[in-house]
Amino acid sequence: MKKIFVFSVVAAASMLFAFGAPKKEVFVKESQVFAKVDNAKSKSKKWPSSVVIFKDDMSAAKSAAKNWKIENGELKGSEGAPLVIKNAKGVYAISLEFNADEAGEGCIFVRAPKGDVSKAVCIKLCQLNADKGETSIGSINGVIKPGNKFNETKDGRWSRIMIFVEEEGVRVTPNTNLCGHYADRNFLTYKWEDISKKSGYEVAEEGEAGFLCSKGNLKFKNISITVF
Amino acid sequence: MNIISRRNFLQTAALTGAGLALGPSLFGKDEVVDKNWKSPHANLVSPDKKVRLAVIGCGGQGGVDANIMAGGVQFAAFADVDYDRASAWFLREPNVPRYRDYRKMLDEQKDNIDAVLIATPDHTHFPAAVMAMNLGKHVYVEKPATHTIGEARYLKALAKKTGLVTQMGNHGHAYDGCRELKEWIEAGVIGDVTEVHIWTNRPVWPQGVPNPDPEKKFEVPSTLDWNLWLGVSKYYNYNPDYVPFDWRGMWDWGTGAIGDMACHMFDPIFTAIDLRGDVKVSSESEGATEFSCPKWAKVKYEIGASKTRPKPVTFNWYEGKCRPHLKDLPDGLFKEEKDIPHTGMLYVGTKGAIIDTDDYGTRMRLLPAEKWEVFRKNRPPKKYARVPDRNARMEFIRACQGGPTPGSNFVDHSMDLTEWGLLGVLSLRLGNKTIDWDYKKGVCRGLPEANKFIHKEYRVF
Ligand SMILES: NC(=O)c1ccc[n+]([C@@H]2O[C@H](COP(=O)([O-])OP(=O)(O)OC[C@H]3O[C@@H](n4cnc5c(N)ncnc54)[C@H](O)[C@@H]3O)[C@@H](O)[C@H]2O)c1
């Protein structure tokens, strides 16, 4: 009797894995929960790995202008041409730490059609005059402002930003407490559609990603990209 | 709890390491230890190696715990159902394998893992801990370690059987307050405890919420695996009102304000006096449904005297808008209603009372104030060994390497404490029925309908 029961749990479990979301739910008792480790076999995929880029060299750059260089494991940029990253396509996440000097201003751009940054979605990294009520970091194209205002970390410390580029839109988490208890998945979530409306041009369906330093100097470290 | 005794114990600081089986690092700098200490636990990691730790639930509290353990461990693998919530850890440790499903992680990485930190929502603690322990891994499980009383008893038995190192995440248990309260009460400072009142402003998350509307469908975020988040729970459609964090106000996944806070706020008194045994538990509440925990609640435990408990004890819990008023408390403790703090733990004995206004038991004083002024200069001597740096997470890690058994281990302490809190949950889930708890058998006398909450069913997922 017992053997048949265990078998049926395993069989039911494999059926669920085979057909995805559960149709008819099967329940077991306390003592049957993973009493046999085999009952717990899972076919779920791992999360994709992240690739650390721009740590030792510029090999992750599609085009590397002279205003960008690697020094002591940091990517340093000054005012000038954008740095376009290879392989930032489809659904992906970019995570990094950044640090701007007094005059520093810049953005991370995504969905730049053929590298045309003027038509890209630009996510503000640091902002002069942020204290004076201007757009804060995480704002888009200078027109879409976050509900909450985020400033880059001052006094020389590094700020962190994560950008999730998804099918529907882009999510930005600047200097957040992702480890905190009250993380709010909805803040700084922008739909492509809304960005198009407010920016006055169509966001490209595919496009390139990269960094732009428009004033002063910017430094980046621990840059990783995860392609889903 | 380790007792200090001049003859058998010595300060680790005095140990030089030569000729001793265990080096001082296992005990921490200021802990008082047994020089003959030999860990009774299985599968110990050599003290000169780092404990290889896997984390299940890396966002929220798991991130906090992992951060505190980070210096003493080597991260072996991460599992989280939500890339977004876990990304801070995934990106901080880009070379550590990262999984959606803890089952796959444990299965594939079992040879690379010594210990597992489990900090998922409450309903997932048990299945994850059972699997990890069955694979011979030490476990640190966030509080409340279990979702039902049946689970608490099962894990206690499993910990006994396997001999693994265990610790629940009621980190306040490693603070001095727990030990001081026990020392004060055992020294007779307030006589025999007869009354306990514990109150909190929680829930500070939604409780008393409507049942889910099956017609209402929200798009699941691309970075979340909702079926895995539900795990052993009955299936519900995704709703952003449930995750993160707010699931604790819903019975399928959390245990409400009492379950959330009991492991912290009940801990000092549960440590100080023996509250194990048959008990009557009654409750009042508003807004609870099959799905949602109540908006507010009061729970009363009545436990008789025993060999280890000289007097019967009434133990009162108040949450949400409830708190004790002057009329509920013995005369002379507070002059006016406004003197009663917003949150607190009040222990009343035959000779006096102690109030604590910190959820983790670190702000105790005697009542009334005049008594405290005299007492504070003349406290009872230390009897119980303190935990180095009051750090429950590192206490666990050191125990995995042969250090002292953690205070909130499953066998001696935390599963019984969890059960005590969950008895209140049981009365609430039964629609405020009074329960007559048979401690030996683990059943409510005359209430067979309670069984489905004592032992729940688990979805195969
Ligand atoms: N000791 C304390 O003081 C303290 C404080 C807060 C929370 N907690 C406890 O910690 C636990 C987590 O609470 P929280 O507030 O961090 O919740 P949360 O919802 O904010 O975070 C839970 C984390 O676990 C992940 N997760 C959920 N289901 C999972 C699964 N099946 N497998 C792997 N990962 C999964 C989530 O994605 C998230 O990263 C709870 O048991 C809670 O009671 C303890």
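For this structure, a couple of remarks:
- Matching option when the condition is buried (at least 24 other Cβ atoms within 10 Å of the Cβ) and within 12 Å of chain A (Cβ to nearest Cβ), among B:ALA152, B:ALA115: B:ALA152
- All of (1) part of a loop (DSSP other than H, G, I, E, B); (2) away from the ligand (no atom under 16 Å from the Cβ); (3) in contact (Cβ under 8 Å) with a residue 12 or more places away in the chain hold for B:LYS280 with one exception: (1).
- For the range B:118-162, the set of residues classified as among the charged types (D, E, K, R) and within 14 Å of the ligand (Cβ to nearest atom) consists of B:ASP122, B:GLU142, B:LYS143, B:GLU151, listed by residue number.
- Residue within the range B:438-445 that is surrounded by fewer than 17 Cβ atoms within 10 Å (Cβ to Cβ), in contact with a Leu (Cβ under 9 Å, 6 or more places away or on another chain) and more than 22 Å from B:MET265 (Cα to Cα) present: no
Residues are listed down the side, and each one gets a yes or a no for (1) more than 11 Å from the ligand (Cβ to nearest atom); (2) β-branched (Val, Ile, Thr); (3) surrounded by fewer than 21 Cβ atoms within 10 Å (Cβ to Cβ):
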position	(1), (2), (3)
B:LEU164	yes, no, no
B:MET168	no, no, no
B:GLY208	yes, no, yes
B:PRO214	yes, no, yes
B:VAL220	yes, yes, yes
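- All of A:ASN186, A:ASN175 fail the test of being at positive phi, within 13 Å of chain B (Cβ to nearest Cβ) and either surrounded by fewer than 18 Cβ atoms within 10 Å (Cβ to Cβ) or at pLDDT below 90 (or both), apart from A:ASN175.
- Per the conditions (1) assigned to a helix (DSSP H, G or I); (2) within 11 Å of chain A (Cβ to nearest Cβ); (3) surrounded by fewer than 24 Cβ atoms within 10 Å (Cβ to Cβ), the sole criterion not satisfied by B:PRO94 is (1).
- Members of the range B:59-79 found to be at the interface with chain A (Cβ under 8 Å from one of its Cβ atoms) and either more than 6 Å from the ligand (Cβ to nearest atom) or more than 18 Å from B:ALA392 (Cα to Cα) (or both), listed by number: B:GLY59, B:GLY63, B:VAL64, B:ASN67
- Which numbered condition B:ILE303 misses (of (1) buried (at least 17 other Cβ atoms within 10 Å of the Cβ); (2) over 23 Å from B:ALA152 (Cα atoms); (3) free of Cβ contacts under 8 Å to residues at least 40 places away in the same chain): (2)
- Out of B:LEU430, B:LEU423, sole residue that is of a type outside the set (Gly, Ala, Ser), within 19 Å of B:GLU284 (Cα to Cα) and without any contact (Cβ under 8 Å) to a residue 24 or more places away in the chain: B:LEU430
- B:VAL139 satisfies every condition listed in (1) surrounded by 24 or more Cβ atoms within 10 Å (Cβ to Cβ); (2) in contact (Cβ under 8 Å) with a residue 60 or more places away in the chain except (2).
- Within the range B:235-259, residues that are more than 11 Å from chain A (Cβ to nearest Cβ) and outside any loop (DSSP other than H, G, I, E, B) have Cβ atoms under 8 Å from residues that are surrounded by fewer than 22 Cβ atoms within 10 Å (Cβ to Cβ) and of a type in the set (A, V, I, L, M, F, W, C) in these pairs: B:GLY249/B:TRP205; B:GLY249/B:VAL209; B:MET250/B:VAL209; B:MET250/B:PHE291, counting only partners at least 6 apart in sequence or on another chain.
- For the range B:172-195, filtered to residues that are surrounded by fewer than 24 Cβ atoms within 10 Å (Cβ to Cβ) and within 15 Å of the ligand (Cβ to nearest atom), the residue that is nearest to B:ARG309 (Cα to Cα) is B:GLY177.
The values are calculated or read from the model by the stated rules, or taken from the named source; none is laboratory data. Quantities reported herein were computed from a predicted structural model and do not represent experimental measurements. Cβ atoms come from the backbone with ideal geometry, glycine included; neighbour counts cover every protein chain shown.
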